[in-house]
Amino acid sequence: MDLHQIKRLEALGDDPAIGPYLPELTALVDGRINTILHNIKGAVLVRALEGLPDVCPSLRDADRDRIRIGTVDDLNERQATDLEAVLRGLKPWRKGPFDIFGIRLDSEWNSALKWARLADHLGSQMGKRVLDIGASNGYYMFRMVSRQPALVMGIEPYLNFYFQFQVLDRYLSFPQVYCVPLKLEEMPAMRRCFDTVLCMGIIYHRRSPLDTLLAIHTMMAPGGQLVLETLIMEGGGETALFPESRYACMNNVFFIPTVTCLSNWLRRCGFGQIRCVDISKTTVIEQRQTDWIDSKSLAEFLDPDDPGRTVEGYPAPVRAMVLATAIPR
């Protein structure tokens with residue numbers, strides 16, 4: 001298992017946009033992986049991945065709602081048992097679903113629903129460089145492959161999710177897909193590198209959303225497309241909710257704007273052609289407790305007497321999908 005991905009990253013050296021930043025990027029990734037290898041949890045996860053079956057899947061299909069890797073007939077009974085043990089050891093699985101050698105992995109989020117809201121608006125990605133911020137296990141990156149981008153790079157600092165990506169990437173083996181175990185603020189500046197940036201389910205976790213949007217703008221090629229999916233407050237005002245302590249049991253939610261407020265943020269940070277392409281209430285069909293998370297989910301985060309409210313009394317989750325264009329500054 002090549003956690004470093006250094007040899008693969010080095011293949012980007014000839015890319016005129018990525019190449020100049022490659023030495024710094026590879027040094028950062030190498031340093032983080034070395035830290036992971038000497039971390040107790042990281043060492044446990046590395047040993048767990050050693051139990052993965054050494055097998056080539058008979059099929060790879062990421063162009064479907066449930067990404068499919070191989071079939072049940074590709075593994076013997078012992079290999080199937082070992083694989084399921086590794087997958088379960090990497091819980092919680094937030095993004096999916098997957099079918100991995102016959103193991104139906106139902107993640108907390110049915111991410112196919114969010115992808116369906118975006119797919120018709122995304123446009124051609126042929127030959128483009130795509131960045132997925134907070135990529136988790138790579139579900140959206142893998143779905144992007146059929147659109148033939150030149151590069152899909154994910155940023156994912158959380159160990160469980162990064163190791164989930166490692167498992168999926170080992171068997172899917174898409175050469176243009178990479179993931180680095182870094183935070184956005186740890187990345188090199190990489191100015192004007194990416195034609196498309198996905199920032200989905202991230203901005204409300206940021207203490208300074210404008211600084212985040214400015215950092216994203218710096219990394220985008222002029223005319224590039226930002227996909228920003230976030231919790232919103234319904235209504236037309238220029239306001240944002242700042243929860244007192246928690247929102248839907250999450251203590252890391254800071255600003256939940258109206259679409260108008262969000263659009264103002266984007267304009268101030270150098271984006272134009274802002275369009276909201278979808279607003280959807282989050283339901284227990286999309287986010288729910290499964291055997292692959294071992295924790296509570298949306299149903300437990302809502303007021304049992306009024307599902308239109310969170311347990312804290314705030315409006316229940318509503319999410320918007322907003323697209324914007326990076327204007328040269």
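The values are calculated or read from the model by the stated rules, or taken from the named source; none is laboratory data. From a predicted model like this one, the values you see are computed outputs, not experimental measurements. FYI the Cβ positions are ideal-geometry reconstructions off the backbone, even for glycines, and counts take in every protein chain you see.
Looking only at residues that are surrounded by fewer than 16 Cβ atoms within 10 Å (Cβ to Cβ), in contact (Cβ under 8 Å) with a residue 24 or more places away in the chain and polar (S, T, N, Q) in segment 265-288, which one is farthest from THR239 (Cα to Cα)? In this case the residue turns out to be GLN273. Of everything listed in (1) surrounded by fewer than 18 Cβ atoms within 10 Å (Cβ to Cβ); (2) under 26 Å from LEU45 (Cβ atoms); (3) acidic (Asp, Glu), the single unmet condition for ASP99 is (1).
So, LEU198, is that one touching a helix residue (DSSP H, G or I) at 6+ places or on another chain (Cβ under 7 Å), surrounded by fewer than 22 Cβ atoms within 10 Å (Cβ to Cβ) and within 30 Å of GLU244 (Cα to Cα) or not? So LEU198 fails the test. Among the conditions (1) at pLDDT 95 or above; (2) over 23 Å from ARG192 (Cβ atoms), the only one that ASP294 does not satisfy is (1). Figure legend. Inter-residue proximity from segment 48-65: first residues touching a residue at least 40 places away in the same chain (Cβ under 8 Å), second residues of a type outside the set (Phe, Trp, Tyr) and surrounded by fewer than 14 Cβ atoms within 10 Å (Cβ to Cβ), beta-carbon distance below 6 Å, spacing 6+ or different chains. Indicated pairs: LEU49/MET1; ASP63/SER146. Please verify whether segment 79-94 includes one or more residues that are under 22 Å from the mean Cα position of the chain (by Cα), free of Cβ contacts under 8 Å to residues at least 40 places away in the same chain and more than 17 Å from SER136 (Cβ to Cβ). Looking through segment 79-94, none of the residues is under 22 Å from the mean Cα position of the chain (by Cα), free of Cβ contacts under 8 Å to residues at least 40 places away in the same chain and more than 17 Å from SER136 (Cβ to Cβ).
Does segment 49-62 contain any residue that is among the small types (Gly, Ala, Ser), touching a Gly at 6+ places or on another chain (Cβ under 8 Å) and in a helix (DSSP H, G or I)? Break it down into steps so the answer makes sense when it comes.
Step one: of segment 49-62, the residues among the small types (Gly, Ala, Ser) are 51, 58, 62.
Those left that are additionally touching a Gly at 6+ places or on another chain (Cβ under 8 Å): 58.
With the extra rule that they be in a helix (DSSP H, G or I), the set shrinks to none.
No; the residues of segment 49-62 include none that is among the small types (Gly, Ala, Ser), touching a Gly at 6+ places or on another chain (Cβ under 8 Å) and in a helix (DSSP H, G or I).
Identify, from the list VAL46, VAL55, VAL72, the residue that is surrounded by 12 or more Cβ atoms within 10 Å (Cβ to Cβ), over 25 Å from the mean Cα position of the chain (by Cα) and of a type in the set (A, V, I, L, M).
Details: VAL46 fails: over 25 Å from the mean Cα position of the chain (by Cα); VAL72 fails: surrounded by 12 or more Cβ atoms within 10 Å (Cβ to Cβ).
Exactly one of VAL46, VAL55, VAL72 is surrounded by 12 or more Cβ atoms within 10 Å (Cβ to Cβ), over 25 Å from the mean Cα position of the chain (by Cα) and of a type in the set (A, V, I, L, M), namely VAL55.
Exactly one residue among ARG206, ARG147 is under 25 Å from ALA320 (Cβ atoms), more than 17 Å from the chain's Cα centre (by Cα) and of a type outside the set (Asp, Glu), and that residue is ARG147.
Set side by side, the residues VAL167, VAL152, VAL130 differ, and just one is among the β-branched types (Val, Ile, Thr) and over 14 Å from VAL197 (Cα atoms), which is VAL167. Within segment 7-27, residues that are under 24 Å from GLU185 (Cβ atoms) and in a helix (DSSP H, G or I) reach partners that are modelled with pLDDT of 90 or more and of a type in the set (S, T, N, Q) with beta carbons closer than 6 Å, at six or more positions or on different chains, in the pairs LEU9/THR26. In this structure, GLU238 qualifies as surrounded by fewer than 16 Cβ atoms within 10 Å (Cβ to Cβ) and of a type outside the set (S, T, N, Q).
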